[in-house]
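The values are calculated or read from the model by the stated rules, or taken from the named source; none is laboratory data. In this text the structure is predicted, and so the values were computed from the model without any measurement. Cβ coordinates were reconstructed from backbone atoms using ideal geometry, including for glycine residues, and neighbour counts include every protein chain displayed.
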Amino acid sequence: MGSVDLIRSCLDSLRQISDEISGAILYIDSGTKESFQFTGSIPLLLELGVRSVCSLDNLSPLDAAADWSLNYVDPATKVVIITSRLLSDTHRYVLRCLGTHTTIQCCIVFTSIPEVSHSALIDSPLGPDAFREYETLLTQDYEELVRKRNNNANLTDTAAPTRLSVSVHHLPMLICPVSSRVFVLPSEGTVTEQCLSSEVSEESLGPGLPAISSGRSLDGDDVPSGITLTAHLLYYLADKMDLKLEIFSLGDTSKAIGKTMMDMSSLYDVSRRTKRSAGLLLVDRTVDLLTPCLHGDSFLEHILSTLPRQHSTTSSKATQSPNKVVKRVPLNIDVPFDTILKEEQVNNQLADNIMNFVSGWNSSETDDSNYEISPKLSGAFLSNYTGASYLESLLDRGAKDGLLLVKKWLLESLKNEKLSFTSKVTSQSDLRTMVKILSRDQKVLVRNRGIMKLALTADAANSEPQSSRWDAFVSAERILSVSSADSSQSLSSEIRDFINTSITSQGILSLKDVLLLSMVGYILAGENFPTSVSMSPFSWEEERSIKDAIVDAILMKPEDAKFRFLHGLEKELEAQAKKNNTKSEGDSEKSDQMDDFDDHWGNWDENEEEDEDKDDYGEVQLKLELRDRADQLCKFFHKLSSLPVRSPTIREALVDLSKYESGTYGTRKGLLYKLLSAILTKGDVAGIEYHSSAVGRLFKSGFGRFGLGQAKPNLGDQSVLFIFVVGGINTLEAREVMEAITENGRMDTELILGGTTLLTPDDMFDLMLN
């Protein structure tokens with residue numbers, strides 16, 4: 001059997017449905033679009049005979065006219081829909097699509113959600129035979145739609161309309177592979193948006209993260225929908241890649257997922273002997289919250305953390321489920337293509353070329369006065385292009401090394417296009433210059449769009465103020481790390497000082513930024529000064545100073561205080577912001593009014609005192625309320641600091657893994673690096689649970705008493721290792737696991753690393769506090 005390649009597997013899954021999609025108008029939702037951008041699937045779809053690829057979320061009657069292929073003359077009679085959502089959530093879009101195109105006779109729906117998941121959710125209207133049920137439902141609704149349309153048009157022809165042929169299928173390989181071995185799930189898909197923990201639970205940090213492990217088993221109604229859907233997705237994903245899994249887990253949520261997958265294996269899997277053996281390790285994100293909260297030395301993380309990402313394109317009404325939905329930011333970066341035009345004031349040829357490219361090569365119909373470059377060219381930065389493994393190469397690079405590699409690729413592109421660029425010393429400003437040279441010809445622009453996007457995003461991430469903000473975070477996190485090794489008093493003092501710096505208008509870090517640093521400080525305090533579950537790692541005086549600093553920072557900059565723990569105080573904070581603005585304006589005008597003070601001091605003084613009394617009373621009330629909210633915030637921080645002590649099993653695992661810490665001073669390695677190092681050296685790690693098969697459980701309970709028990713497999717013996725982090729991964733962890741394989745001399749081991757989503761420090765803050 002060949003080696004594992006996620007991108008190749010995704011493309012092969014599309015080739016396997018070539019008969020279904022050939023000659024069809026293809027509609028994809030936002031989650032599918034995100035997946036196709038990562039895999040570079042659009043060119044393949046056109047090769048397979050698709051007429052056009054259109055947006056399901058924003059469909060138009062003109063979609064039928066936008067035929068990308070010259071092989072078809074007659075109107076389309078087939079439409080194919082690929083969705084990353086439940087059929088019940090997609091139904092109204094599918095029906096609208098069929099109502100828009102009147103010549104359609106065949107509708108084929110592919111969903112990444114397996115049939116068993118549709119019936120497993122409590123609020124799902126579909127049963128065990130979900131796909132067949134939906135085929136009937138869609139046919140009935142379509143016929144009703146046609147009857148209403150005919151009645152409204154007063155048609156006299158009573159002949160029955162052509163019956164619509166409907167079929168529904170499962171397409172499991174709808175993932176976002178960052179490289180051939182690293183993947184996440186689509187940000188706007190159903191699985192990613194489902195809750196991983198219940199907010200009413202004391203162990204919950206937010207619905208988008210697993211609950212803190214406490215040793216309690218999740219069974220029955222206690223299992224959130226995100227756990228069930230994740231288990232189903234991983235089972236069918238492994239099945240599609242012909243992997244026979246030996247399942248291990250670390251954490252309560254991962255344990256529930258592993259149990260569900262093993263139960264499915266007992267029911268559905270009848271061909272395990274023909275598959276390749278692989279070890280699956282499920283890990284709760286909450287076992288290591290610190291790593292994704294830090295600004296690590298990773299080129300891709302630097303870009304993801306500093307540049308704006310595109311907003312969700314899915315309507316808030318897209319999901320009909322009454323359950324709470326976790327909204328995640330799409331992974332599409334806003335590529336700043338407009339920056340290369342800022343200095344082109346005299347010669348407009350470059351702008352004309354780009355506008356021609358964006359407007360479909362038809363410059364005569366483009367109104368230059370109203371044309372906007374940036375929105376049209378804001379595309380996906382994280383994309384894999386045919387023949388170019390950019391992300392694969394950048395994934396294991398630090399910020400500086402990645403920038404040098406991008407410059408090298410740009411120079412190679414210029415050389416291949418036979419374009420000259422003379423510079424003895426390559427500087428950051430040369431990135432824009434080289435991109436401008438590549439943009440002057442439309443065909444060259446199309447051929448090199450991948451490296452051009454990379455160069456522009458790298459240039460923007462290393463420009464001001466993004467560069468200074470990143471450096472400030474790295475410096476602050478280093479200070480917190482050093483202080484945590486000293487004393488709680490030193491650490492609390494640093495946290496307080498960082499909060500106070502956000503008050504100044506010249507501060508690089510905002511209020512949100514320093515609260516993120518406070519989270520980091522409390523997690524470090526929990527590691528170095530462990531206490532009981534409900535207690536603070538700091539003394540009463542130390543924590544009181546932190547609370548006072550938080551309250552003062554909010555009062556000074558209430559316009560920035562848009563956090564979950566301040567819900568219900570929006571009007572009061574808005575009034576405080578107006579008061580602050582009025583006060584600053586009044587201070588600037590005060591000197592001009594001093595000349596009139598002596599003439600009108602009596603009446604003016606009395607009125608001012610009355611107004612000041614009212615303002616002071618309102619500010620005192622707000623300050624008291626903010627102190628209560630600061631108390632609640634610190635209680636939440638206590639959860640973060642108590643992670644190592646809530647579960648004895650997890651505490652033992654962290655102790656076992658501490659020996660795999662890097663020996664370099666100041667270099668902290670994340671949980672996945674330590675776990676993989678322990679696995680590859682076949683070291684023992686407490687807390688990792690093995691999920692035995694039905695046969696294994698029979699041996700354990702029955703024949704085990706006669707010494708015929710099934711031996712527990714060792715993860716380190718597997719030639720294929722599959723690590724999935726429930727809650728998400730970051731690119732630094734992907735870099736570190738590659739380092740672990742290299743350092744342990746296990747290059748023969750094939751590793752697949754996956755996660756719910758791709759996390760940045762800002763994402764972690766939003767999941768817990770926004």
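From Val725, Val720, which residue is assigned by TED's automatic domain parsing to the domain that holds Val685 and over 17 Å from Glu689 (Cα atoms)? Explain how you work it out, then say what you get.
Details: Val725 fails: over 17 Å from Glu689 (Cα atoms).
Checking each option against the conditions leaves just Val720.
Hey, could you check region 217-260 for residues that are among the small types (Gly, Ala, Ser) and farther than 18 Å from Val191 by Cα and say which is surrounded by the fewest Cβ atoms within 10 Å (Cβ to Cβ)?
Residues of region 217-260 that are among the small types (Gly, Ala, Ser), as a first pass: 217, 220, 225-226, 231, 238, 249, 251, 254, 256, 258.
Those still in the list that are farther than 18 Å from Val191 by Cα too: 217, 220, 249, 251.
Numbers: Ser217: 10, Gly220: 5, Ser249: 25, Gly251: 30.
My answer is Gly220.
Is it the case, given these coordinates, that Leu44 is surrounded by fewer than 21 Cβ atoms within 10 Å (Cβ to Cβ) and within 28 Å of Leu234 (Cβ to Cβ)? Give the steps one after another, and end with the answer.
Working: surrounded by fewer than 21 Cβ atoms within 10 Å (Cβ to Cβ): yes; within 28 Å of Leu234 (Cβ to Cβ): yes.
Yes.
The rows are residues; the columns are (1) touching a helix residue (DSSP H, G or I) at 6+ places or on another chain (Cβ under 9 Å); (2) in contact (Cβ under 8 Å) with a residue 12 or more places away in the chain; (3) assigned to a helix (DSSP H, G or I); (4) farther than 21 Å from Leu391 by Cα.
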residue: Leu454; (1), (2), (3), (4): yes, yes, yes, no
residue: Ala472; (1), (2), (3), (4): yes, yes, yes, yes
residue: Arg478; (1), (2), (3), (4): no, yes, yes, yes
residue: Ser490; (1), (2), (3), (4): yes, no, yes, yes
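Can you work out which of the residues in region 524-560 that are β-branched (Val, Ile, Thr) and surrounded by fewer than 17 Cβ atoms within 10 Å (Cβ to Cβ) is modelled with the lowest pLDDT? Don't jump to the end; show me each part of the working.
Of all residues in region 524-560, those β-branched (Val, Ile, Thr) come to 531, 533, 546, 550-551, 554.
Then keep just the ones that are surrounded by fewer than 17 Cβ atoms within 10 Å (Cβ to Cβ); that gives 531, 533.
Details: Thr531: 75, Val533: 64.
Out of the qualifying residues, it is Val533.
Go through region 58-96 and report how many residues are under 30 Å from Asp123 (Cβ atoms) and at pLDDT below 90.
Taking region 58-96 as the starting set, the residues that turn out to be under 30 Å from Asp123 (Cβ atoms) are 58-59, 79-96.
If we keep only those that are at pLDDT below 90 too, we end up with 58-59.
Going through region 58-96 one residue at a time, the tally reaches 2.
How many residues are of a type outside the set (A, V, I, L, M) and either surrounded by 22 or more Cβ atoms within 10 Å (Cβ to Cβ) or closer than 13 Å to Thr32 by Cβ (or both) if we restrict to region 90-100?
Taking region 90-100 as the starting set, the residues that turn out to be of a type outside the set (A, V, I, L, M) are 90-93, 96-97, 99-100.
Still in the running and either surrounded by 22 or more Cβ atoms within 10 Å (Cβ to Cβ) or closer than 13 Å to Thr32 by Cβ (or both): 90, 93.
Of the residues in region 90-100, 2 are of a type outside the set (A, V, I, L, M) and either surrounded by 22 or more Cβ atoms within 10 Å (Cβ to Cβ) or closer than 13 Å to Thr32 by Cβ (or both).
So Asp486 fits all but one of (1) over 20 Å from Met768 (Cα atoms); (2) touching a Pro at 6+ places or on another chain (Cβ under 6 Å); what number is the exception?
Checking Asp486 against (1) over 20 Å from Met768 (Cα atoms); (2) touching a Pro at 6+ places or on another chain (Cβ under 6 Å), the one that fails is (2).
Out of the residues in region 729-748 that are in contact with a helix residue (DSSP H, G or I) (Cβ under 6 Å, 6 or more places away or on another chain) and part of a loop (DSSP other than H, G, I, E, B), which is surrounded by the fewest Cβ atoms within 10 Å (Cβ to Cβ)?
Once the filter is applied, the top-ranked residue is Asn744.
Could you check region 496-525 and list, in sequence order, the residues that are of a type in the set (Lys, Arg), within 16 Å of Arg469 (Cβ to Cβ) and over 27 Å from the mean Cα position of the chain (by Cα)?
In the first step, residues of region 496-525 are kept if they are of a type in the set (Lys, Arg); the result is 496, 512.
Going one step further and asking which of them are within 16 Å of Arg469 (Cβ to Cβ), we end up with 512.
Within region 496-525, none qualify.
Among (1) assigned to a helix (DSSP H, G or I); (2) over 24 Å from the mean Cα position of the chain (by Cα), where does Ser420 come up short?
Here Ser420 meets the rest and fails (1).
Quick one: in region 1-21, of everything that is of a type in the set (Ser, Thr, Tyr) and surrounded by fewer than 15 Cβ atoms within 10 Å (Cβ to Cβ), which residue is modelled with the lowest pLDDT?
From region 1-21, those of a type in the set (Ser, Thr, Tyr) are 3, 9, 13, 18; that's our starting set.
Now narrow it down to the ones that are surrounded by fewer than 15 Cβ atoms within 10 Å (Cβ to Cβ): 3, 18.
Numbers: Ser3: 81, Ser18: 94.
Going through the qualifying residues, I end up with Ser3.
Being in contact (Cβ under 8 Å) with a residue 60 or more places away in the chain and farther than 18 Å from Glu188 by Cβ narrows it down to one residue among Ala76, Ala120, Ala66; which is it? Please lay out each step first, then the result.
Values: Ala76 fails: in contact (Cβ under 8 Å) with a residue 60 or more places away in the chain; Ala66 fails: in contact (Cβ under 8 Å) with a residue 60 or more places away in the chain.
Just a single option satisfies the conditions, and that option is Ala120.
If you check every pair at least six apart or on different chains, which have Cβ atoms under 6 Å apart with a residue in region 401-413 that is in the same structural domain as Arg447 (by TED's automatic domain parsing) first and a residue that is assigned to a helix (DSSP H, G or I) and of a type in the set (Phe, Trp, Tyr) second?
Within 6 Å, the pairs are Gly402/Phe299.
Do we find that Arg51 is charged (D, E, K, R) and surrounded by 18 or more Cβ atoms within 10 Å (Cβ to Cβ) in this structure?
yes
Based on this model, can you work out whether Glu199 counts as touching a Gly at 6+ places or on another chain (Cβ under 8 Å) and surrounded by fewer than 23 Cβ atoms within 10 Å (Cβ to Cβ)? Outline the logic, then answer.
Values: touching a Gly at 6+ places or on another chain (Cβ under 8 Å): yes; surrounded by fewer than 23 Cβ atoms within 10 Å (Cβ to Cβ): yes.
Considered against the rule, which asks whether it is touching a Gly at 6+ places or on another chain (Cβ under 8 Å) and surrounded by fewer than 23 Cβ atoms within 10 Å (Cβ to Cβ), Glu199 comes out as yes.
Kindly indicate whether Ser187 is in contact with a Ser or Thr (Cβ under 7 Å, 6 or more places away or on another chain), among the hydroxyl-bearing types (Ser, Thr, Tyr), closer than 28 Å to Cys10 by Cα and not in a helix (DSSP H, G or I). Break it down stepwise before answering.
Values: in contact with a Ser or Thr (Cβ under 7 Å, 6 or more places away or on another chain): yes; among the hydroxyl-bearing types (Ser, Thr, Tyr): yes; closer than 28 Å to Cys10 by Cα: yes; not in a helix (DSSP H, G or I): yes.
For Ser187, the condition - in contact with a Ser or Thr (Cβ under 7 Å, 6 or more places away or on another chain), among the hydroxyl-bearing types (Ser, Thr, Tyr), closer than 28 Å to Cys10 by Cα and not in a helix (DSSP H, G or I) - is met.
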